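A short worksheet on the structure shown next.
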Amino acid sequence: MTTLNPPILELRGIVAGYDDTTVLRDVSIAVPENGVAVVLGPNGAGKTTLLRSASGLLRSSAGEVRLHDEVVTGASADKMARLGLCHIPEGRGIFPSLTVRENLVVYAPRGERRDALERAAAAFPVIGRKAKQLAGQLSGGEQQMLALARAYVTKPRVVLVDEASMGLAPLVVDQVFAFLSRLASEGTSLLVVEQYVDRALAIADVVYILDRGQIVFSGSPGDVRHSDVFDRYLAVDTAAAS
Ligand SMILES: Nc1ncnc2c1ncn2[C@@H]1O[C@H](COP(=O)(O)OP(=O)(O)OP(=O)(O)O)[C@@H](O)[C@H]1O
Ligand SMILES: [Mg+2]
């Protein structure tokens, strides 16, 4: 088995939820430095809640979050972003009534805006071509590219990506995964939630399966294919991905 780097982002024993509902029950995961951790699991398992707990959007009721081996439990989403974490949420999280350019500039530090836009346009040429268009007028795929381009604007160390391929045409899904591979190869650590199991496993260094708020499997992509949890939770996806 390949050895994983020490974690850059780690959740230990996280308990979190909404009002009276506990969603995550004692969840521990680690994103290796310069590596890709993939979280898979059925609808409603708590995957989005897990990412929100990691990025400071949701406060945990128990457990610990560590970034760069420092305890950051309870830090706000802004603080986590300043510490190098970028969360690209489910549903894209772009501002439809702002232009493409404005959508990116809001995240760029002052004095770095031009460079930031150039980096984003180099990653996604459509961003350069449509910089002045309203984001709401872009196609679904282009909106997802815009959402992902934030990872080039803020130069994060860790990027959390929630179902980036959701609802996209197969060709665009290919582009999304090509982008994730590129980010990873450039040394950005990734925590990826995905519905396309095969493609997600292809970029993963470590895989977690979450079911009803608990980790029911953790291991390498090779191990998950040979484990009994694969058939139980993941085999159905093959049809969706083809
Ligand atoms: N804002 C909220 N308020 C109350 N309950 C919520 C909220 N968001 C999610 N939940 C509940 O928490 C549980 C986990 O939801 P979550 O969105 O984290 O799952 P998921 O694994 O991301 O699902 P999906 O695959 O559908 O995206 C579900 O039962 C959901 O109904
Ligand atoms: Mg979700």
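Remarks
- Residue check for ALA45: within 13 Å of ligand 1 (Cβ to nearest atom) and over 18 Å from ARG12 (Cβ atoms): yes
- Answer residue from the stretch 98-150, given it is among the polar types (S, T, N, Q) and in contact with a strand residue (DSSP E or B) (Cβ under 7 Å, 6 or more places away or on another chain) and is surrounded by the fewest Cβ atoms within 10 Å (Cβ to Cβ) among those: GLN133
- Failed item, numbered, when ILE88 is tested on (1) more than 16 Å from ligand 2 (Cβ to nearest atom); (2) closer than 28 Å to GLN137 by Cα; (3) surrounded by 14 or more Cβ atoms within 10 Å (Cβ to Cβ): (1)
- Taking residues in the stretch 106-117 that are within 14 Å of ALA131 (Cα to Cα), and partners anywhere that are in a loop (DSSP other than H, G, I, E, B), the pairs with Cβ atoms closer than 6 Å and at least 6 places apart or on different chains are ALA116/ALA108.
- All of ALA200, ALA147, ALA164, ALA184 fail the test of being touching a residue at least 40 places away in the same chain (Cβ under 8 Å), assigned by TED's automatic domain parsing to the domain that holds ALA116, among the small types (Gly, Ala, Ser) and within 30 Å of PHE95 (Cα to Cα), apart from ALA147.
- Count of the stretch 163-191 residues which are among the hydroxyl-bearing types (Ser, Thr, Tyr) and buried (at least 21 other Cβ atoms within 10 Å of the Cβ): 3
- Residue in the stretch 56-71 that is under 24 Å from PHE217 (Cα atoms), touching a residue at least 40 places away in the same chain (Cβ under 8 Å), over 15 Å from the mean Cα position of the chain (by Cα) and near ligand 1 (Cβ under 10 Å from one of its atoms) present: yes
- Condition check for ASP205: in contact with a strand residue (DSSP E or B) (Cβ under 6 Å, 6 or more places away or on another chain) and among the charged types (D, E, K, R): yes
- Taking the stretch 16-31 as the range and being surrounded by fewer than 22 Cβ atoms within 10 Å (Cβ to Cβ) and away from ligand 1 (no atom under 13 Å from the Cβ) as the test, the residues that pass are ASP26, SER28, ILE29, ALA30.
- Residue check for VAL39: under 25 Å from ASP231 (Cα atoms), among the β-branched types (Val, Ile, Thr), modelled with pLDDT of 95 or more and out of contact with any Gly (no Cβ under 9 Å at 6 or more places or on another chain): yes
- Unique residue being closer than 22 Å to GLY56 by Cα, more than 13 Å from ligand 1 (Cβ to nearest atom) and among the aliphatic types (A, V, I, L, M) when the list is VAL158, VAL173: VAL158
- Looking at the stretch 1-52, the strands (runs of 3 or more DSSP E) lying wholly inside it that each contain 3 or more residues that are within 17 Å of the chain's Cα centre (by Cα) and within 23 Å of LYS79 (Cβ to Cβ) sit at 7-18, 21-32.
- Within the stretch 32-85, considering residues that are polar (S, T, N, Q) and within 16 Å of ligand 2 (Cβ to nearest atom), the one surrounded by the fewest Cβ atoms within 10 Å (Cβ to Cβ): ASN43
- GLU194 being charged (D, E, K, R), surrounded by 18 or more Cβ atoms within 10 Å (Cβ to Cβ) and in the same structural domain as ILE14 (by TED's automatic domain parsing): yes
- Scanning the stretch 15-27 for residues that are more than 16 Å from ligand 2 (Cβ to nearest atom), modelled with pLDDT of 95 or more and not basic (Lys, Arg) yields a total of 3.
The values are calculated or read from the model by the stated rules, or taken from the named source; none is laboratory data. Predicted model, so just to flag it, every value in this text is computed and none were measured. Don't worry about glycine lacking a Cβ; one is built from the backbone with ideal geometry, like all the others, and counts go over all protein chains shown.
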